[in-house]
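Worksheet: one structure, shown below.
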């Protein structure tokens, strides 16, 4: 994965030096979600989306009157809330919920089609693979005790790596693989005679990021952002 990222970066630098490049920056919110299967949890639990920020720089390189290649770099916080975990699987007489905020650097590789109009602005639609690198984040555990009704919170950092959690850990819920591969799509509208643009994006991960046996977890998010596209 590292070699692939270095190769793509080198090719992009060559392209930047020889082609027309339009640069944009945007900021907004994303709604994250998990798709999880865990053979150790047999009872029902609730999965709730979690909202966080996204910050992205876009680099758009046209190669025809209609199509362009769009990449860039973004900081995306993915996550979700898992509520109602069975008490017997973690600790007796306690109900648990988990809240994830996982920081990723994301590089999209999108083929983009655009339609320019004189009075209604410019429309963009793109799709393609995305590469993501986990660079931080945290997990909050909320525990509510049945006997006294008390509640406490434990915050632990996300541990990135390919090795599963050590056997002496109380739980393995904060261990994840660092690299992620997904499919992304975006729809953007740019105001006429202006660089102001609104973008709706979607990303669905294809890789199981849990290194723990019996757990399959994939991320996804929907993002809405506002920013500027500067045409050269």
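What follows is calculated from the coordinates using simple rules that are stated; it is not laboratory data. Treat the numbers as computed from the prediction; the structure is a model and nothing was measured. Methodologically, a virtual Cβ is constructed for each residue, glycine included, from the backbone with ideal geometry; neighbour enumeration extends over all protein chains shown.
Annotations
- Approximate spin-label separation residue 230-residue 163, in nm, with each point projected 7 Å along Cα-to-Cβ: 4.5
- Fully extending the segment from residue 155 to residue 138 would add 5.4 nm, taking 0.36 nm per residue of separation and subtracting the current Cα-Cα distance.
- Förster-model FRET efficiency, 30 Å R0, residue 55 and residue 115, C-beta, rounded to 0.05: 0.65
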